Amino acid sequence: MTHVHMLEMNAIARKYPDVVDRPLLKKLVAPIVTLLILAYLAVCYVSFDIHSVAKRVRFDIASLYLLDSYAHKIHVSYRFKKPEAGFVVSLEGNRNTVYSENPDWVQSSGANASIDLGRDGFVRVKDGIVSYRHPDYAQDFQVKTGQGAPTYTGRETPEWLRVSATQVDARPSLYSRIRVTKSRIEIQRYFAGWENFWFDFDSPLNGKSFGEVVSLAFSAQRLDPQQSNISLIFSEFWYNEEWLHGDIAYALLQTLVMAVVGTLIAGILALPMAFAAARNVNRNRVSRFGLRRLFDFLRGVDNLIWSLIFIRAFGLGPLSGTFAIFFTDTGTFGKLFSEAIENADKKQAEGVQATGASPVQKYRFGVFPQILPLFISQMLYYLESNTRSATVIGALGAGGIGLKLLETMRTRQDWENTTYIIALVIILVILIDNLSSWLRAKLIGGDSH
Amino acid sequence: MAALHSLAANPKLAQLEQNFQRLSRQRALYTFILIAVVLLSISGGLVVAADANSGSFFSGLSRFFDYPVELVRGAYDAGLWRLFSLCWHYLPYLIETINIALLATLIAFFLGGALSFLASRNLVSQRILVFCMRRVMDVTRAFPEMVIALLLVLIIGPSPVAAVMAVCFHSIGALAKQFSETNENADMRAVEGIASVGGNWLQQMRYGILPQVLPNFFSYCLLRLEVNVRASAILGFVGAGGLGAELKMVVDWNYGADILVIIFMLVTAISLIDYISAAVRRTFIGDAATL
């Protein structure tokens, strides 16, 4: 730490009075700006009604969705009307995904069972009485089943246990649930991981480890005599009915097509239009003005609105999305390129002209090389943002991955599929982003952005 | 001609000539490959798109003007006075949309600004911290606003707050990236000067870097505001309030006059904001306002 002598300090203060003792007006700028921002935040707090929104937030739903996005649940259920079936173990309670063998945490024989819920204790069903032992409570929680509605015979009712006239519903934690109604006993337990991600529940390959699948791929013994093991593995994966890998890959391709084709056509079409709209190329003021307003119009009407119009004309699908992106971006590129052409150095064009070049040659060799880096870098830059736009307008009817995403969200059950699609979209965008900056560096050299 | 012949006779010049020929052939080949790739991806892409589309291109071409004409006819039937009153009716929604964008940009400016200092290689010595911050930025930037808005609408119900949070989340990543690039181009001598008199890291940033980069920060922020006004208008379509929600409603009901009025208001507002922000940016960073 260097100490400045008092005299020196005074000398500096005399030399730069504005730095040491700033004028009142400048001193006031920071507090006034801060106050204005705070006032604006207060206005927003009131106008967006944040107070009541904060009260409405459903954290329980959010945590359930979150849980569902990375975990799957297994139901163990017993129906009083079908005692011969005993306790049925199934994935998500679906009739098509019933396990033929009980997992090791479920032991059952006829109407009696003992089910281990891991950290949430265990459940025992015996002689029509469901008793649940919670690790934090000394006594079992017991529910008597049989004629009519179940009756809760326990003494205390913690907040996670709900007793109503028709059912007893216990949710000791997010990971398990015990429900007893007039018609059935149902116990649900969550496990982390995406179930059946690789192969369907009833696929011959389900439950096999990675090593087993690889060795199957190279073994001569065919699982399915109709096709080789490799093609069987691929088709079981690709046409997985729950995860729909093939459909999702096709949807991703559609989104990518919208972004790439829209951007490319826009760039190629905007280039000659930009030359015609540049002051130093086109002397005709009226046509220049018209083109400029056309660019503003194309750009100002957002690609959402263009997609509405194109969907009416071409129907739902990526073709409409491609055109929406292409229209908006023609406006954006036209504006950017024409500004770049106007800012281009005149000397090169004049030099080319002096050699007796035709007007076309003059712009081709005198101006075009100057704006080429901007042309490429802007197109690559917009490619990334258009991939995101294509997802968004896809959700609004142009198809592709956006629509798939919306479909899985609408069911409000397939959160694992939603997570999967979101992850794929983000990976795609990051890939395009990296590819475009790599290409930019490769094509125009240097670190330009 | 004779001079040219004698030049070609010179072995060094002949070598030069050969190299030039080789390079120009290589260049022509690259250009050819580039054009071929572009043409292939356009035509292949159009085939894929047309294949997946529910209607075809050529049958749609004749119908292209049907919808705009329908809208204009609806507006014509409504009459001028009705159009004015519709403008007045939708004005609060437009203000809400702009407010969503403004609030989101404001919050993203502060959070993205803070993040950007931790993500600049020249300002932070811990490489691992810079790496992590950059990956955080990449992921927040890659999230389409629509996805976050959809999730939030399910959790907090239809409200503009969902749009603010969605737009803000994406903007933090986008702004932080541009900000950190600005930071990395800043002159480090000011930082060294402050470090030499014993300023700590925060003081170095506040007095050494911030005054240099703030004009650029503002400029990027204004550009982001333009983008965000568009984004918040779109987010209304999934129930996040603002003019977009009204537009979705009237599109579903097919109210020609209302649709046209809302589109007109959106386009006017977006163009106006573009124009103002371009003018303000010019005062911040001079003529290079396009960045």
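Tabulated results
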item	result
For A:HIS134, A:HIS5, order by how many other beta-carbon atoms lie within 10 Å, fewest first	A:HIS5, A:HIS134
Gain upon complete extension [A:ASN94, A:ARG79; 0.36 nm per residue less C-alpha separation]	4.0 nm
Rounded FRET efficiency, nearest 0.05, which uses the C-beta distance separating A:THR153 from A:LYS182 and R0 of 22 Å	0.85
Gained length - A:VAL214 relative to A:LEU443, 0.36 nm times residue gap less alpha-carbon distance	78.3 nm
Pairs from A:LYS126/A:LYS182; A:LYS81/A:LYS182; A:LYS81/A:LYS144; A:LYS362/A:LYS442 whose Cα-Cα separation, in the structure shown, is over 19 Å	A:LYS362/A:LYS442
Shape of segment A:245-297, Cα gyration tensor, a/c cut at 1.5	prolate
The protein assembly as shown: projected area of the alpha-carbon convex hull, averaged over directions, in nm²	52.1 nm²
Three-way shape call for segment A:245-444 based on the alpha-carbon gyration tensor, with the a/c threshold at 1.5	prolate
Inter-chain shielding of A:296-305 (mean C-beta neighbours from other protein chains, 10 Å cut-off)	6
Span-rule helices in chain B, defined as complete DSSP H runs reaching 24 Å or more along the axis (Cα) with Kyte mean at least 0.5	B:11-52, B:66-118, B:160-184, B:210-235, B:256-285
FRET efficiency for A:SER235 and A:THR411, using Cβ-Cβ distance with R0 set to 22 Å, rounded to 0.05	0.30
Among B:ILE42, B:LEU61, B:MET188 - extreme Cα towards positive end, dipole of chain B, charges at beta-carbon	B:MET188
Qualifying trypsin sites (Lys or Arg not before Pro) for segment A:43-129 [loop in DSSP, other Cβ within 10 Å: at most 13]	A:ARG58, A:LYS81, A:ARG95
Paramagnetic reach from A:PHE59 in segment A:109-123 [backbone N under 17 Å; point 7 Å along Cα→Cβ]	none
Inter-probe distance in nm under a simple model that places probes 7 Å from Cα toward Cβ, at B:ARG206 and B:PHE57	6.0 nm
Estimated distance in nm for a label pair at A:ARG285 and B:HIS89, the labels positioned 7 Å out from Cα along Cα-to-Cβ	4.2 nm
Highest-fluctuation residue, A:GLY118, A:GLY246, A:GLY193 considered, GNM on chain A with Cα pairs under 10 Å	A:GLY118
Charge dipole magnitude, Cβ of K and R +1, D and E -1 - the protein assembly as shown, Cα centre, debye nearest 20	1520 debye
Length added when fully stretched, A:LEU174-A:ASP104, from 0.36 nm per residue minus Cα-Cα	23.1 nm
Packing-based exposure ordering (other Cβ within 10 Å, fewest first) of B:LYS12, A:LYS82, A:LYS208, A:LYS362	B:LYS12, A:LYS82, A:LYS208, A:LYS362
Against the rule of thumb 2.2 N^0.38 Å, how large the Cα Rg of segment A:17-57 comes out	1.91
Gyration tensor verdict on chain B (Cα atoms; rounded if a/c is under 1.5, prolate if a/b is larger than b/c, oblate otherwise)	oblate
Debye intensity ratio in log₁₀ form over the Cα atoms of segment A:183-292, taken at each q of 0.09, 0.14, 0.23 Å⁻¹	-0.54, -0.77, -1.17
Magnitude of the charge dipole, segment B:77-285, Cβ model with Lys/Arg +1 and Asp/Glu -1, debye to 20	640 debye
Leading residue at positive end of dipole, segment B:77-285 (Cβ point charges), from B:ASN99, B:ILE276, B:LEU118	B:LEU118
Chain A: DSSP helices with Cα axial extent of at least 27 Å and average Kyte-Doolittle hydropathy no lower than 0.0	A:24-47, A:245-277, A:318-343, A:368-393, A:415-444
B:VAL136-B:VAL197 pseudo-label distance in nm [points 7 Å out on the Cα-to-Cβ vector]	3.2 nm
Charge context of A:LEU253, other residues only, Cβ under 15 angstrom, K/R +1, D/E -1	-1
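Coordinate-derived values only; no laboratory data. Keep in mind that this is a model prediction, so the values were computed, not measured. Methodologically, a virtual Cβ is constructed for each residue, glycine included, from the backbone with ideal geometry; neighbour enumeration extends over all protein chains shown.
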